[in-house]
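The values are calculated or read from the model by the stated rules, or taken from the named source; none is laboratory data. If you're wondering where the values come from, they're calculated on a predicted model, not measured in any experiment. Neighbour counts run over all protein chains shown; Cβ positions are idealised from the backbone, glycine included.
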Amino acid sequence: MVQFIFSWAGQALIFLILVLLCTILAYCLYIKHIHIKYNHIPGPPRDSFFFGNSATLMHVMKNELVHDKFLEWAKVYGSVYKIILLHYVFICVTCPEATKKILLSPKYPKDKFVYKTLFKLFGQRFLGNGLITVQNHEQWYKQRRIMDPAFSSLYLKGLMGTFNEVAEKLMDKLSEVSDNKTEANMLHLFHCVTMDVIAKVAFGVDLNLLQNTSPFPRAVETCLKGMVFYVRDMFFQFNPKNRPFMREARESCRLLRTSGAQWINDRRAAMQNGDDVPKDILTQIIKAAGEEESMTPEDDACMVDNFMTFFIAGQETTANQLAFCLMELARHPDLLEKVKKEVDDVIGMKHDISYDNLGNLVYLSQVLKETLRLYPTAPGTSRHLPEDLVIDGINIPAGVICMFNTYVTGRMDRFFKDPLTFDPDRFHPDAPKPYYCYFPFSLGPRSCLGQNFAQTEAKVVMAKLLQRFNVTLLLGQTHDLVDTGSLRPKSGVMCYMTHRNHNK
């Protein structure tokens with residue numbers, strides 16, 4: 001009997017080994033098929049048969065900015081080149097015509113490799129099926145239709161009071177910094193302000209992070225850091241040393257989602273009871289959602305998904321843009337004086353900036369646009385290619401992921417003369433518009449819904465700061481970039497602030 005059991009176990013083990021070997025062989029043949037199928041497309045040589053370019057990318061992401069490597073490869077291999085990870089093929093595209101064709105059409109969905117991954121963060125629902133991540137066009141269109149009224153120009157005009165109010169708190173903080181002759185970490189302060197704005201304007205919650213402590217900033221930073229590891233490092237979650245961080249990332253995600261759900265439920269209950277509620281974005285979203293013919297539990301979960309999207313992306317990218325903008329202006333005194341003069345001419349000494357004032361801050365708009373050319377806080381996007389396509393004379397078989405990187409195109413002399421020079425006149429109203437090589441908010445139907453919100457906020461904050469203060473960068477700090485899911489200044493933009501003397 002024992003001999004029979006051992007005999008049976010041995011046969012089962014042999015069978016399992018044979019199945020495993022056949023599976024590995026089949027996978028090897030499939031990878032070989034992928035290599036042959038896409039071999040005609042230029043690109044960097046693979047590091048290994050199985051893992052493709054993974055080793056190079058992992059090394060780059062640990063030691064430098066990966067987007068600089070993409071820029072280097074674009075210069076070497078042209079407007080269309082491939083990167084291979086396992087059996088996945090990514091086509092990096094800098095061709096303006098292809099960028100226009102693919103991003104402006106709804107028939108090229110967001111790719112599953114990146115956006116489906118962001119549904120969860122180490123097992124905890126993260127961005128789910130929100131506006132950024134949802135791939136199904138009908139589901140996306142339904143959400144976009146619900147959200148649109150809350151981001152109209154008419155509605156933004158009604159938010160100017162709150163934009164001014166929160167920005168004034170930053171001015172008070174900077175006055176303290178100036179009076180005490182201490183240094184200011186402007187990236188940190190901008191993050192406090194933009195989180196205060198999105199909490200107040202979108203959800204009617206006063207965080208007042210310039211004065212109070214809160215778990216939200218660390219939770220957002222942890223989620224973003226986890227997102228980078230989760231998407232880019234396929235081995236991260238299998239390393240036991242990373243378990244404490246993954247646990248912290250899941251807890252941070254739960255904190256944000258639980259808070260968002262509570263704010264949504266409290267507001268919905270208040271509206272049902274006929275209470276007075278703020279006419280903010282959350283109220284608009286709930287009202288619009290109530291007009292839908294049917295709302296399912298998944299639709300409710302998607303509202304929390306979109307809370308996560310707006311709460312994280314709505315503050316992170318704008319804060320980073322403001323920090324980069326101030327960094328460049330402080331490095332270019334002539335440009336700083338020019339934009340200060342415009343602010344003085346348009347706003348003078350008044351504290352409340354109107355929506356109409358913003359339209360007259362033309363040069364400040366140019367400065368903010370040029371900031372996003374050199375430092376796009378959300379560097380790129382990607383789409384799935386469901387059909388064969390010819391891009392710049394190269395046949396691209398269906399099934400690949402096309403990557404579009406505005407950091408790369410923004411730094412190519414093919415599109416911008418002296419691309420590393422900070423020159424706001426590139427965006428002068430009479431200058432030719434960049435042809436599908438500048439897209440810091442993406443392009444087409446899936447472009448960023450909150451771009452007007454973000455730029456309105458950025459203008460108010462920057463105009464007030466330039467109206468009141470002189471800025472001097474601390475010597476010795478680096479002007480390098482760091483990738484934390486979005487691009488931010490590595491040194492934090494450390495500054496001394498002094499009050500402006502308007503009597504001169």
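Based on this model, can you work out whether PHE422 counts as part of a loop (DSSP other than H, G, I, E, B), in contact with a His (Cβ under 7 Å, 6 or more places away or on another chain), within 23 Å of HIS332 (Cβ to Cβ) and not basic (Lys, Arg)? Spelling it out, PHE422 is indeed part of a loop (DSSP other than H, G, I, E, B), in contact with a His (Cβ under 7 Å, 6 or more places away or on another chain), within 23 Å of HIS332 (Cβ to Cβ) and not basic (Lys, Arg). Suppose we keep only residues that are in contact (Cβ under 8 Å) with a residue 24 or more places away in the chain and surrounded by fewer than 18 Cβ atoms within 10 Å (Cβ to Cβ) within the range 396-413. Which one would you say is farthest from ASP480 (Cα to Cα)? By that ranking, first place goes to PRO397.
Scanning the range 50-75 for residues that are in a loop (DSSP other than H, G, I, E, B) and not hydrophobic (A, V, I, L, M, F, W, C), we see that the one that is nearest to GLY380 (Cα to Cα) is GLU64.
Scanning the range 481-504 for residues that are out of contact with any helix residue (DSSP H, G or I) (no Cβ under 9 Å at 6 or more places or on another chain) and in contact (Cβ under 8 Å) with a residue 12 or more places away in the chain turns up VAL482, LYS490. Among the residues making up the range 29-59, a single one is closer than 16 Å to GLU72 by Cβ, in contact with a Gly (Cβ under 9 Å, 6 or more places away or on another chain) and touching a residue at least 40 places away in the same chain (Cβ under 8 Å): PRO42. Residue selection: ARG383 satisfies the criterion of being of a type outside the set (Phe, Trp, Tyr), under 17 Å from the mean Cα position of the chain (by Cα) and either over 26 Å from LEU131 (Cβ atoms) or at pLDDT 90 or above (or both).
Can ARG267 be described as at pLDDT 85 or above and in contact with a Leu (Cβ under 6 Å, 6 or more places away or on another chain)? Answer is yes for this residue. Restricted to the range 73-83, and to residues there that are aliphatic (A, V, I, L, M) and crowded, with 21+ Cβ neighbours inside 10 Å, the residue that is nearest to ASN395 (Cα to Cα) is VAL80. Among residues of the range 334-362 that are under 21 Å from ASP423 (Cα atoms), those with a beta-carbon under 8 Å from a residue that is charged (D, E, K, R) and part of a helix (DSSP H, G or I) at least six positions away or on a different chain give the pairs LEU335/GLU328; LEU358/LYS459; LEU361/GLU342; LEU361/LYS459; VAL362/GLU342. Scanning the range 427-458 for residues that are among the basic types (Lys, Arg) and crowded, with 20+ Cβ neighbours inside 10 Å gives a single hit, ARG446. If I filter the range 487-504 down to residues being modelled with pLDDT under 85 and either among the polar types (S, T, N, Q) or more than 19 Å from MET349 (Cα to Cα) (or both), which single residue comes out as surrounded by the fewest Cβ atoms within 10 Å (Cβ to Cβ)? So, considering only residues that are modelled with pLDDT under 85 and either among the polar types (S, T, N, Q) or more than 19 Å from MET349 (Cα to Cα) (or both), the one surrounded by the fewest Cβ atoms within 10 Å (Cβ to Cβ) is ASN503. Counting the residues of the range 54-74 that are of a type in the set (Phe, Trp, Tyr) and over 22 Å from the mean Cα position of the chain (by Cα) gives 1.
Candidates THR194, THR162: the one that is buried (at least 18 other Cβ atoms within 10 Å of the Cβ), of a type in the set (S, T, N, Q) and modelled with pLDDT of 90 or more is THR194.
Table: residues versus (1) within 16 Å of VAL205 (Cα to Cα); (2) in contact with a His (Cβ under 9 Å, 6 or more places away or on another chain); (3) not small (Gly, Ala, Ser).
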| site | (1), (2), (3) |
| --- | --- |
| VAL220 | no, yes, yes |
| CYS223 | no, no, yes |
| LYS241 | no, no, yes |
| ARG250 | no, no, yes |
| THR258 | yes, no, yes |
| TRP263 | yes, no, yes |
| VAL304 | yes, no, yes |
| ALA313 | no, no, no |
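Do the conditions hold for PRO379, that is, is it touching a residue at least 12 places away in the same chain (Cβ under 8 Å) and farther than 22 Å from MET327 by Cβ? The answer is no for PRO379. If I filter the range 237-250 down to residues being under 20 Å from ILE312 (Cβ atoms) and surrounded by 15 or more Cβ atoms within 10 Å (Cβ to Cβ), which single residue comes out as nearest to the chain's Cα centre (by Cα)? Per the stated criteria, the residue is ALA249. Scan the range 210-238 for residues that are free of Cβ contacts under 8 Å to residues at least 24 places away in the same chain, of a type in the set (A, V, I, L, M, F, W, C) and assigned to a loop (DSSP other than H, G, I, E, B) and the total you get is 1.
Does the range 379-395 include one or more residues that are out of contact with any Phe, Trp or Tyr (no Cβ under 7 Å at 6 or more places or on another chain), surrounded by fewer than 20 Cβ atoms within 10 Å (Cβ to Cβ), β-branched (Val, Ile, Thr) and under 17 Å from GLN366 (Cα atoms)? Checked the range 379-395: no residue is out of contact with any Phe, Trp or Tyr (no Cβ under 7 Å at 6 or more places or on another chain), surrounded by fewer than 20 Cβ atoms within 10 Å (Cβ to Cβ), β-branched (Val, Ile, Thr) and under 17 Å from GLN366 (Cα atoms).
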